[in-house]
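The values are calculated or read from the model by the stated rules, or taken from the named source; none is laboratory data. Keep in mind it's a predicted model, so treat the numbers as computed, not measured. Every residue, glycine among them, receives a Cβ derived from its backbone with ideal geometry; neighbour counts consider all protein chains shown.
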Amino acid sequence: MKIAATNLTDIFVLEPTVHGDERGFFFESFNQKRFEEAVGRKTQFVQDNHSRSVKGVLRGLHYQIGQPQGKLIRALQGEIFDVAVDLRRHSATFGKWSGTILSAENKKQMWVPEGFAHGFAVLSETAEILYKVTDYYAPHHERSLLWNDPTVAIAWPLDGTPILSVKDRNGAPLAQAELFP
């Protein structure tokens, strides 16, 4: 597995070693020991989530304030632009974002630890996303950061206005968002 640091502290893009031939391919999509060595900390995943979306859908930017979740995200089918925003108020990269293309073709994964908002935009006709999380979903702790907050200024690679849920349309701007210490 190759690991690449991003412009945000603690956000990593992981690329598996793929073994392929005329029959197809094989790769190890997750190995607890190698993952912990790569990100430099012990991590326990408690739940896997699977979503499917159509082109133009933007999901996020989500986070849980009381029961924060670390997320390991990958695209099983299609292509997304995956984004993390640092919401740790004492971080040197507070309010900054990092984004990368995750696709079934490139097989990359992005690690988004606790303290970050996460979201993605679907670039292909459809995309199926699988993500492992470090804590259970807790709707009463869920928050949404406004996807197009000009203070954060994410350069979403979108053609036109994205398809959003009501929750995501009503996300809080960074100046009014609940933050992490």
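Output the qualifying pairs, or none if there are none: Cβ atoms under 7 angstrom, residues six or more apart or on different chains, first residue in the stretch 48-73 and in contact (Cβ under 8 Å) with a residue 12 or more places away in the chain and of a type in the set (D, E, K, R), second residue loosely packed, with under 15 Cβ neighbours inside 10 Å and not in a strand (DSSP E or B). Taking only residues 6 or more apart or on different chains, the pairs are Lys55/Glu125.
Residues of the stretch 103-126 that are of a type outside the set (Phe, Trp, Tyr), outside any loop (DSSP other than H, G, I, E, B) and within 18 Å of Asp10 (Cα to Cα): Gln109, Met110, Val112, Ala117, His118, Gly119. Please verify whether the stretch 146-163 includes one or more residues that are surrounded by 15 or more Cβ atoms within 10 Å (Cβ to Cβ), modelled with pLDDT of 95 or more, of a type in the set (Asp, Glu) and in a helix (DSSP H, G or I). Within the stretch 146-163, none of the residues are surrounded by 15 or more Cβ atoms within 10 Å (Cβ to Cβ), modelled with pLDDT of 95 or more, of a type in the set (Asp, Glu) and in a helix (DSSP H, G or I).
Residues being among the hydrophobic types (A, V, I, L, M, F, W, C) and part of a loop (DSSP other than H, G, I, E, B) are entirely absent from the stretch 13-23.
Please verify whether Asp168 is surrounded by 15 or more Cβ atoms within 10 Å (Cβ to Cβ), in contact with a Pro (Cβ under 9 Å, 6 or more places away or on another chain) and either at positive phi or not in a helix (DSSP H, G or I) (or both), treating the condition exactly as stated. No; evaluated as a whole, the condition is false for this residue. Pairs linking a residue in the stretch 161-181 that is in contact (Cβ under 8 Å) with a residue 60 or more places away in the chain to a residue that is surrounded by fewer than 17 Cβ atoms within 10 Å (Cβ to Cβ) and of a type outside the set (A, V, I, L, M), with Cβ atoms under 7 Å and 6 or more positions apart or on different chains, are Pro162/Gly56; Ile163/Gly56; Leu174/Thr151; Leu179/Arg89; Phe180/Arg89; Pro181/Arg89; Pro181/His90. Contact annotation: residue pairs with Cβ atoms under 9 Å, 6 or more positions apart or on different chains, pairing a residue in the stretch 1-19 that is on the phi > 0 side of the Ramachandran plot with a partner that is exposed (fewer than 12 other Cβ atoms within 10 Å of the Cβ) and among the basic types (Lys, Arg), are Asp10/Arg41.
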